[in-house]
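A short write-up of the structure that comes next.
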Amino acid sequence: MTTTAGTPHPQTRRSFLTRVGVVGGASALYGSMEALGLFATPAEAATPGFAPPSAADLPDSARGRGTKVVILGAGTAGLTAAYELGKAGYDCTVLEARDRPGGRAKTVRRGDRLTDTDGVTQVCRFDEGQYFNAGPARIPNHHVTLDYCRELGVPIEALVNANAESLYFHENTGGTDYGELAGTAVTHRQAKADVYGYVSELLAQAANQGALDQLLTADDAERVVELANSLGGLSGGRYAGNSRRGYVDAPGAGHDAGVVGTPPSMSAILQSRFGTRFAFEFGFDQAMMMWQPVGGMDRISAALAAAVGGKRRITYNAPVTQIANGPDGVRVSYRLNGRTRTIDADYCVATIPPMVLKSIPTNFSQATKDALAVPTGANTGKIGLQYGRRWWEEDDKIFGGITATNMDVSGIWYPSSGFLGRKGVVVGYYSGSYTDLPVAAREERAVAQGVKIHGTRYRDELETSISIAWPKEQYSLGGWVNWPGGRGAAYDQLLRPDGRTYFAGDHLSYLIAWQAGAFESARQVVTALHERVAATAA
Ligand code: PHE
């Protein structure tokens, strides 16, 4: 599988073409921009917006009755369900196995303990104020996640997902020869200048030599040449390098005009295959601008947890041990302080990942049980490397962004916060390749890979690290889910409630591995549940 910048699997065309559920502010924005004729409206903009449940929707007899809902999981989906249902006066209780909200939306900070399913515990030794997002780390403009940040007052800042100064690095591997640029780190800007330059040269030559005459009118052929000249920065129809790729000697005062380097040959550039990585930042969900909450991704779940009433509504350290649907309600058993307790509710919203939920005793239908067994946990993880000096900024002028490699680290992420500060945390891999390595070996291997790009300072200036392997997180068992063979009957099954229990989470959306999927799924379930309550009470 090809890896793209910091991304273990490529975004498919289908996944965004079939995406549904632009809601609220976003669809209103699309609508108004369309009215202004600013751009063509994607079909999805026609999707009706979400209206939070309101007590006014319920008949008098049901208002204030406080329908009880037990929500399993205080991750993004569970907290959103509690938050939206709470707006209409539902009496929500959230059970969370961990000692914190957020689920996979985890920010790792000093003092945090990570205990994996092998029983290995790591303690985060970062300095106070240093952190990295071990789960979700970037938010696209169009995701509902930003609407929640606005509504909850969570400040955001730019997440640098593409940076001209970050690097491409391809080493010879798996029998592929990357040519003279193999094992050489090249800036995005330089790779782009060279790839666009040579491809444009080819285009201009083809058009000028009449090779496109079957396809183009003479006028259009001229326009192609015009486009190629601009796109490639050509001179005389040829690419010979230019300042877009940067300087070998930077310009300065007086007569110092700077010196532009000579590009490698067209063949070397093609052989480097750097150009095959450019599509990453064209992705619907990966294009700049992108965003992150100031202070860590977990600021969103912290705000949601506070908005639903904190510990008044959420019971932490409470793993669910049984779910029993009854004709009139749901009984959920859970462990707390060494004792088994039960809670009775009118409805249940289960946001526990299917890989975990399938092992909890329930009286769900066989069809539901079979469906829960289908999705598998995606293998992914990250390591946070704290450095005593922001050498990537000081030495390399890399301010955020991702270095893309064909090594098993996939990408190296430079922090998009704390610029010009003293220390910083680099994400040294975003990959499933390290999951089965012992903790110390993860650091050792990730650092050895980074040294190939950044030299020995990558090892020498490292202060401390901590890594997460999502398949080994007891209450996640994966970074996200895969639906083997695609979203089929099992997916459809879980979109339906089993008796009085509903299922929600990013796995039940076309936005898997995005918090937006959890928000959208929770909204869908909240709407269905509310409609049912309104109809039943009538
Ligand atoms: N949302 C995650 C990321 O941006 C995982 C993902 C990658 C999901 C690419 C879809 C496409 O890294």
Of all residues in the stretch 449-467, which are of a type in the set (Ser, Thr, Tyr) and either assigned to a strand (DSSP E or B) or at positive phi (or both)?
464, 465, 467
What number of residues within the stretch 495-507 satisfy the criterion of being surrounded by 24 or more Cβ atoms within 10 Å (Cβ to Cβ) and under 23 Å from residue 329 (Cβ atoms)?
4
Among strands (runs of 3 or more DSSP E) entirely within the stretch 63-179, at least 2 residues that are modelled with pLDDT of 95 or more and out of contact with any helix residue (DSSP H, G or I) (no Cβ under 7 Å at 6 or more places or on another chain) occur in 68-72, 91-95, 107-109, 113-115, 121-123, 131-133, 156-159
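Tally time: how many residues in the stretch 474-513 are away from the ligand (no atom under 16 Å from the Cβ) and in a loop (DSSP other than H, G, I, E, B)?
11
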Criterion: among the polar types (S, T, N, Q) and either in contact (Cβ under 8 Å) with a residue 60 or more places away in the chain or not in a loop (DSSP other than H, G, I, E, B) (or both) - qualifying residue of 433, 416:
416
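Would you confirm, using the coordinates I've provided, whether residue 356 is part of a helix (DSSP H, G or I), among the β-branched types (Val, Ile, Thr), more than 16 Å from the ligand (Cβ to nearest atom) and closer than 23 Å to residue 519 by Cα?
yes
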Testing residue 87 on (1) under 26 Å from residue 310 (Cβ atoms); (2) in contact (Cβ under 8 Å) with a residue 40 or more places away in the chain; (3) not aliphatic (A, V, I, L, M), one condition comes back false. Which one is that?
(2)
Return the total of residues in the stretch 125-145 being more than 16 Å from the ligand (Cβ to nearest atom) and either of a type in the set (Gly, Ala, Ser) or within 15 Å of residue 283 (Cβ to Cβ) (or both).
1
Of these, 447, 439, 409, 425, which one is within 16 Å of the ligand (Cβ to nearest atom) and surrounded by 18 or more Cβ atoms within 10 Å (Cβ to Cβ)?
409
Please go through (1) in contact (Cβ under 8 Å) with a residue 60 or more places away in the chain; (2) more than 24 Å from residue 438 (Cα to Cα) for residue 133 and return the number of the only condition it doesn't satisfy.
(2)
Give the residue that is surrounded by the most Cβ atoms within 10 Å (Cβ to Cβ), with candidates limited to residues of the stretch 334-382 that are closer than 30 Å to residue 467 by Cβ and of a type in the set (S, T, N, Q).
351
Pick out the one residue from 437, 372, 357 that is over 23 Å from residue 76 (Cβ atoms) and not small (Gly, Ala, Ser).
437
Among (1) within 16 Å of the ligand (Cβ to nearest atom); (2) surrounded by fewer than 24 Cβ atoms within 10 Å (Cβ to Cβ), residue 457 falls short only on (1)
For residue 369, only one of the following conditions fails: (1) of a type in the set (D, E, K, R); (2) more than 30 Å from residue 170 (Cβ to Cβ); (3) in contact (Cβ under 8 Å) with a residue 60 or more places away in the chain. What is its number?
(3)
In the stretch 180-195, the residues that are crowded, with 20+ Cβ neighbours inside 10 Å and in a helix (DSSP H, G or I):
181, 188, 190, 191, 193, 194, 195
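Each row is one residue, and each column tells you yes or no for (1) under 25 Å from the mean Cα position of the chain (by Cα); (2) without any contact (Cβ under 8 Å) to a residue 40 or more places away in the chain; (3) outside any strand (DSSP E or B); (4) under 25 Å from residue 186 (Cα atoms).
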{"residue": "360", "(1), (2), (3), (4)": "no, no, yes, no"}
{"residue": "383", "(1), (2), (3), (4)": "yes, no, no, yes"}
{"residue": "386", "(1), (2), (3), (4)": "yes, no, no, yes"}
{"residue": "421", "(1), (2), (3), (4)": "no, yes, yes, no"}
Search result, residues across the stretch 517-529 that are in contact with a strand residue (DSSP E or B) (Cβ under 8 Å, 6 or more places away or on another chain) and either in a loop (DSSP other than H, G, I, E, B) or within 16 Å of the ligand (Cβ to nearest atom) (or both)
518
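The values are calculated or read from the model by the stated rules, or taken from the named source; none is laboratory data. What you are looking at is a predicted structure, and each value in this text was computed from that prediction instead of being measured. Cβ atoms come from the backbone with ideal geometry, glycine included; neighbour counts cover every protein chain shown.
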